[in-house]
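Heads up, the thing below is written out as structure tokens.
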Amino acid sequence: MMIKFIVGIDCVEDIEPLCKASCDEFYCGVKPKSWIEGKNKVESPNARSSPGTSLASFDELKKVCDKAHVFKKKVFFTLNAQVNNENSVSMLKFLDSAYNSGIDGVIISDVALIMDAHTRYPELEIHASSLFPALNSSSINFLKNIGVKRTILSRHLTIEDMKKLPKDMEYEAFLMNEGCKNVDAFCRFDHGFGEQQQETPACCISYDMQCTSCSFTNKKTTQRIKKKIGSSRTRCGICAIKELNNVGCSVFKIVSRGHSLKNKLAYLEFAKQTVDSMFDTDAVSKNQHKFETCFGYSCTFDDCYYPNIMGGDN
């Protein structure tokens with residue numbers, strides 16, 4: 001099965017070098033000044049609130065689409081805010097503006113918005129976000145019936161789980177950099193509170209964690225708890241590309257909005273090298289070495305989406 005890489009984009013200048021580096025697709029969001037100055041100072045229309053992770057306008061989105069289309073690459077627009085009575089009209093206007101900017105498809109988590117998008121623009125490619133709980137065959141069949149072409153799978157599905165999913169849906173899997181260990185579909189916090197918080201703790205909530213069930217509490221115990229339930233440095237599924245592809249995943253997401261062009265190119269090169277060597281008997285050890293070169297530290301089970309590939313527990 002063919003393998004494609006989709007890279008998060010946050011500025012038009014990165015499109016050309018990434019296309020020349022053989023990136024297959026792009027995804028991005030828009031957070032215009034009018035949204036920031038309105039009632040939604042924290043929530044983002046694309047679940048990315050930190051500065052530098054979203055495009056600033058639909059004019060910029062059009063430039064991104066135009067540049068990507070020169071290289072015959074597709075651009076998918078993320079629309080992941082929770083839809084409610086207050087913002088439903090705004091979200092539809094966002095969809096209309098994105099469509100008019102030339103996007104090839106849209107990534108959505110809200111069921112009503114998926115159905116509206118399919119009705120308004122039946123030719124638009126619709127992807128179900130990982131923020132939608134597509135965790136079994138019934139949910140995939142439901143998505144297919146309302147017009148979804150591709151499902152972005154939760155990082156928490158095992159490869160055994162994926163084997164049981166319907167084969168007549170296109171699947172996208174996370175490959176690297178999304179570190180939260182919570183299930184997105186059941187935890188709708190934005191990724192960062194932007195300018196309002198310089199150091200954002202796990203889940204963007206200011207809290208303290210202590211072990212109350214232990215006979216003693218110390219710094220080491222607390223750190224171990226935080227490591228288990230908080231966000232890790234980065235997360236990576238690179239060693240599982242072959243297995244994921246074998247069970248039907250053809251698209252792999254490199255989370256990179258807000259990252260430098262240098263890092264985006266490094267992530268993409270790491271992924272491409274992995275595909276070139278994925279049938280080698282020593283593929284995992286090669287990938288571990290490449291991981292250290294790419295990220296600057298050794299990978300562990302805690303950094304892995306699919307640790308059973310490395311001999312750990314999934």
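The values are calculated or read from the model by the stated rules, or taken from the named source; none is laboratory data. Predicted model, so just to flag it, every value in this text is computed and none were measured. Please note: Cβ atoms are built from the backbone with ideal geometry, for glycine as well, and neighbour counts cover all protein chains shown.
The set of residues from the range 115-139 being of a type in the set (V, I, T) and within 19 Å of the chain's Cα centre (by Cα) comprises just one member, I126. Give the residues of the range 73-103 that are surrounded by fewer than 17 Cβ atoms within 10 Å (Cβ to Cβ) and among the charged types (D, E, K, R), sorted by residue number. E86, K93, D96, listed by residue number. Picking from A266, A271, which residue would you name as being buried (at least 19 other Cβ atoms within 10 Å of the Cβ) and part of a helix (DSSP H, G or I)? Answer to the check: A271. Return a yes/no flag: does the range 177-192 have any residue that is modelled with pLDDT under 55, surrounded by 12 or more Cβ atoms within 10 Å (Cβ to Cβ), out of contact with any Leu (no Cβ under 7 Å at 6 or more places or on another chain) and part of a loop (DSSP other than H, G, I, E, B). Yes, that holds for at least one residue. When residues in the range 1-32 are screened for being within 14 Å of the chain's Cα centre (by Cα) and not in a strand (DSSP E or B), 3 of them pass.
Among the residues of this structure, A134 does not count as one that is in a helix (DSSP H, G or I), touching a strand residue (DSSP E or B) at 6+ places or on another chain (Cβ under 6 Å) and closer than 26 Å to I238 by Cα. Evaluate the following for K72: is it outside any loop (DSSP other than H, G, I, E, B), of a type outside the set (G, A, S) and at pLDDT 95 or above? Answer is no for this residue.
If you scan the range 239-263, which residues turn out to be farther than 15 Å from M1 by Cα, aliphatic (A, V, I, L, M) and in a loop (DSSP other than H, G, I, E, B)? The one that is farther than 15 Å from M1 by Cα, aliphatic (A, V, I, L, M) and in a loop (DSSP other than H, G, I, E, B): V255.
The set of residues from the range 97-119 being of a type in the set (D, E, K, R) and either in contact with a Ser or Thr (Cβ under 7 Å, 6 or more places away or on another chain) or modelled with pLDDT of 95 or more (or both) comprises just one member, D104. Restricting the range 152-176 to residues that are among the acidic types (D, E) and not in a loop (DSSP other than H, G, I, E, B) leaves a set whose member that is surrounded by the most Cβ atoms within 10 Å (Cβ to Cβ) is E172.
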